[in-house]
Amino acid sequence: MGGRVIIMGSGELAPVLIGTHRAGIEAAAADRVVVLDTPFGFQENASHLTERLVEFFKTSLNIAADVVSLRHRNFDEVQKERLLAAVRRARYVFAGPGSPSYALDIWQRAGIVDALQAMIEAGGTLTFASAASLTLGRKAIPVYEIYKVGQDPFWLDGLDLFSRLGLPCVVIPHWNNAEGGNHDTSRCYIGQRRLAVLEQDLDVGVIGVDEHTAATVDFDAGTLAVTGRGTVTVRGRNDLILDSGSTTELLAVGDIVGSFRPAMRSTAEPTSALSTTGLEELLADLLLSEELSRDDASIRLEFRAKLVEVAELAQAGLRDPRESVGGFVELLLELRSDARRRGDYERADNIRVALAGLGVEVRDTRDGHEWVLGTGE
């Protein structure tokens, strides 16, 4: 079963788009919303913005929202794995305003696109608005750098999620913006002239979404539906303007922007950009080791998710670690014992060091080993 991507040009908390949120939540059978705060993570009011989003989903849609935070460029491996695990498990993921270049820098290094693709292909709904929506395509407009700083127009590499789903394109929200008054701020604030310059370097077409408007791309139904106040513009080989309330076939959209292929479930395993020390080395070793090298990629994903749980539970200061995380810790220690029996003491030491970083102290005894949750003192 395929899922859907909802592109909101702006107005993600406006009454006119509440029904679009609701339809996406119901289609995915979601009982919670996962909110990503990365696009505005650099802002001083980031905490206030997350609170506002949580309150919106609670009061307007009667659904709880969990904020999965990855605000800073210097994130650690546990934070990254927590984000990826939460996205893969989610049924409805939302991200909105902020800086597309800031979000891309963090999300690309975290490898989020694999998790987003898996969530959508499992039937989930991804709703990206404003700055977040700019990251979805093959290229992205660095709005702040062009409009505020004054740099010459240029593209950033986007997440290119739509290409993975069979609809290669570039996404531009705020398509009809008119805040400039006496100067053109349409096309996400850079104006028609500068966009025309940028379009000369594209090998795919553009999906432009007006403010207070949404384009729901349903890969299962093979349709693009428009809701809200404005229109959606599809341009490439020719132009197609879709009014609110209209629905068109993705085959027609794909014919304009590039080439549409029915979405296919990926069989590739998620990529990893793990470093070689501490917890990172544990993950790199174990996720690629003989013990976990089966063809079924779900084995590795489950292992990653369990490691995130250990990190979260250990950092929370559990009173009864054996009951909550004992099985997983024992699995790691079994792998450590196997490594020692094979004479691979480097791997055994890496496992022990990484567990210590998670708050688990391993003590070797004459009868084998024992472990306790460290106090950090």
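Read-outs throughout are calculated quantities, based only on the coordinates presented, and are distinct from any laboratory measurement. Bear in mind the structure is a predicted one, so any value in this text is a computation, not a measurement. Neighbour counts run over all protein chains shown; Cβ positions are idealised from the backbone, glycine included.
Give me the orientation-averaged projected area of the Cα convex hull of region 11-160, in nm², one decimal.
Mean projected area for region 11-160: 8.7 nm², to one decimal.
Dividing the alpha-carbon radius of gyration of region 4-257 by 2.2 N^0.38 Å (N being the number of residues), what value is obtained?
0.93
Set Lys and Arg Cβ to +1 and Asp and Glu Cβ to -1, take the dipole of region 4-257 about its Cα centre, and tell me which of Asn177, Thr223, Thr127 lies farthest positive.
Going by the charge dipole, the pick is Thr127.
Long-range amide H contacts for Val67: which residues qualify at under 5 Å (H placed 1.01 Å from N, peptide plane, sequence gap of 5 or more or a different chain)?
Val35
Between Val372 and Leu61, what FRET efficiency follows from the Cβ-Cβ distance if R0 is 35 Å, with the result rounded to 0.05?
Using R0 = 35 Å, I get an efficiency of 0.20.
Taking the Cα centroid of region 169-184 and of region 70-135, what is the distance between the two, rounded to the nearest whole Å?
The distance from the Cα centre of region 169-184 to that of region 70-135 comes to 24 Å.
What's the local net charge at Arg138, with K and R +1, D and E -1, over the other residues with C-beta under 13 Å away?
Local charge sum for Arg138: -3.
Would you please state the base-10 log of I(q)/I(0) at q = 0.10, 0.15, 0.24, 0.26 1/Å for region 1-88, with intensities from the Debye formula using one equal scatterer on every alpha carbon?
Computed log10 I(q)/I(0) values: -0.28, -0.64, -1.37, -1.44.
Which one of Ser163, Phe94, Leu136 is farthest out on the positive end of the charge dipole of region 73-172, using unit charges on Cβ (Lys, Arg +1; Asp, Glu -1) and the Cα centre as origin?
Phe94
What whole number of Å gives the distance from the Cα centroid of region 336-362 to the Cα centroid of region 206-238?
Cα centroid to Cα centroid, the span is 52 Å.
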